[in-house]
Amino acid sequence: MWPNFIAAALALFFGGLSYAFPAEPEMGLYNLLPGRANDNVSPDNACGNVVAGANNGYFCEATKDDGGCCSQYGYCGSSTDYCLTGCQPNFGTCSTPPSQPIEDNFLCGPQNQGELCSDSLCCSQNGYCGSTDDYCGGGCQPAYGQCKTDLTPPTGNDKCGPQNQGATCSGNQCCSVEGNCGTTSDYCADPRNCLLGYGRCDSDTTPAGPSTVNVARPLKGPVPYTDDIDDCIQDNVVALSFDDGPSIYTSRILDILKAYGYHATFFISGNNNGRGAIDTTSPYPDLTRRMVAEGHQVASHTWSHYSLLNVTHDLRISQMVKNEMAFNNIIGMWPTYMRPPYSDCTKESGCCDDMLALGYHRVYFDLDTEDYLHPLPSQIQRSKNIVKKALADKTATDYLSIQHDIVEQSVTNLSAYYFNVINARGWRGVTVGECLGDTDTSNWYRSFNN
């Protein structure tokens, strides 16, 4: 969800999420920091400097703490969650991990200690796991994951779109915004690259299973359906929300939330930016199920992140219903909460009436971290300053905030800082539903049977 004026500026950055990521080592939360003297034994089971460690540099002692290993999230313990991946050897003991595919960090290849991609993911030339053509096509490393050998290169000869007398693409090709026909994500990924109506687009895919369009939609729970929601009714909370995922960083933010005991609402787009549909593309189904299992709230951010303003009623309904079908395929239900992409939903456009007819709460925010404007390590401090200033306001009683789990620095750098600021104020990080007093989680979803 971003203001329209930055859409062009973000195209390059967000486009990179469907491309192979650079192979430089990641900087931020997960880097190990030098520890203090080993006799600085933890008095409270927290260790190290990051996340729960809070820069105290405590060392884990097996005879005094819950274990002798210091996890990547700053807790002492003795299980593999503490002693293997991310274990901090400067603040305790660590075990040697077995040689096996990495399930959750999406790094691969010789530049990442020979790690393999899990399941059916491909290892890009720059050492990241993914499933789009940018991972599985040119430069894909077959020794570390799957690769595609039947990609059809675009010819660039066929023209399409309004700039070419309204010509349409043939042969199941997609029409790029530049007016060329092709079959890769450069042509087919929407809303960024593909022109609707002049050929195929990724968003034309309809999830398998029965349509939800004609399901009865009683208005459930105490939260109004007719108002725009941008404020909590509970005090001393921050409603944490993440838009546009899931992504390769989502498992990390789930880990961090778990370490803090926080819960969040994930406004999920079903099939955008060339990443594949959430119900059929690994690891997105498992990530979505994990969100629900760990007490988070999943909500809709439309199927393909199109603005809901200047589109037809039918396209608006299709964008919501396709996402419902994908959710139903994953978790057997779909949300009653949604956030309009770009905050675009008005009464005049018909969007508000359409969302009401579908039984959706329209959720916005009153604390924008602006993480999407500050995606680089050299920029993310600006987002830290925003949340620090907001939480320092003594007149504030709550916030409903927005981040994006497709922004690496927001996940690996901003979040732990932000959560520490929330803790320092004595507040909690909660779901949108909880912040609105809607604590019965059955109100957050509907299904064919309810």
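Considering only residues that are under 17 Å from ALA277 (Cα atoms) and among the basic types (Lys, Arg), which ones fall in region 159-212? ARG192, ARG200 - these are the residues of region 159-212 that are under 17 Å from ALA277 (Cα atoms) and among the basic types (Lys, Arg).
Scanning region 276-312 for residues that are assigned to a loop (DSSP other than H, G, I, E, B) and over 19 Å from ASP354 (Cβ atoms) yields a count of 11. Screening the candidates GLU324, GLU294 for the property of being acidic (Asp, Glu) and more than 22 Å from ALA189 (Cα to Cα) yields one hit, GLU294. Taking every residue in region 128-146 that is farther than 16 Å from GLY114 by Cβ and in a helix (DSSP H, G or I) and pairing it with any residue that is modelled with pLDDT under 75 and of a type in the set (A, V, I, L, M), at least 6 positions away or on another chain, the pairs with Cβ-Cβ distances below 8 Å are ASP133/LEU151; ASP134/ALA20; TYR135/ALA20; CYS136/LEU151.
Summed over region 94-126, residues that are assigned to a loop (DSSP other than H, G, I, E, B) and at pLDDT 75 or above total 6. Among the residues of region 313-372, none is identified as part of a strand (DSSP E or B) and free of Cβ contacts under 8 Å to residues at least 12 places away in the same chain.
Do we have SER378 as in a helix (DSSP H, G or I) and either in contact with a His (Cβ under 7 Å, 6 or more places away or on another chain) or at pLDDT below 95 (or both) here? So SER378 does not fit the description; no. The residue that is surrounded by the most Cβ atoms within 10 Å (Cβ to Cβ), among those in region 371-406 that are touching a Ser or Thr at 6+ places or on another chain (Cβ under 9 Å) and of a type in the set (S, T, N, Q), is GLN403.
Each residue in region 343-358 was checked for being in contact with a Phe, Trp or Tyr (Cβ under 7 Å, 6 or more places away or on another chain) and over 15 Å from ASP230 (Cβ atoms), and 1 of them qualify.
The values are calculated or read from the model by the stated rules, or taken from the named source; none is laboratory data. Not measured: the values here are computed from a predicted model. In this analysis, Cβ positions are derived from the backbone assuming ideal geometry, glycine residues included, and neighbour counts consider all displayed protein chains.
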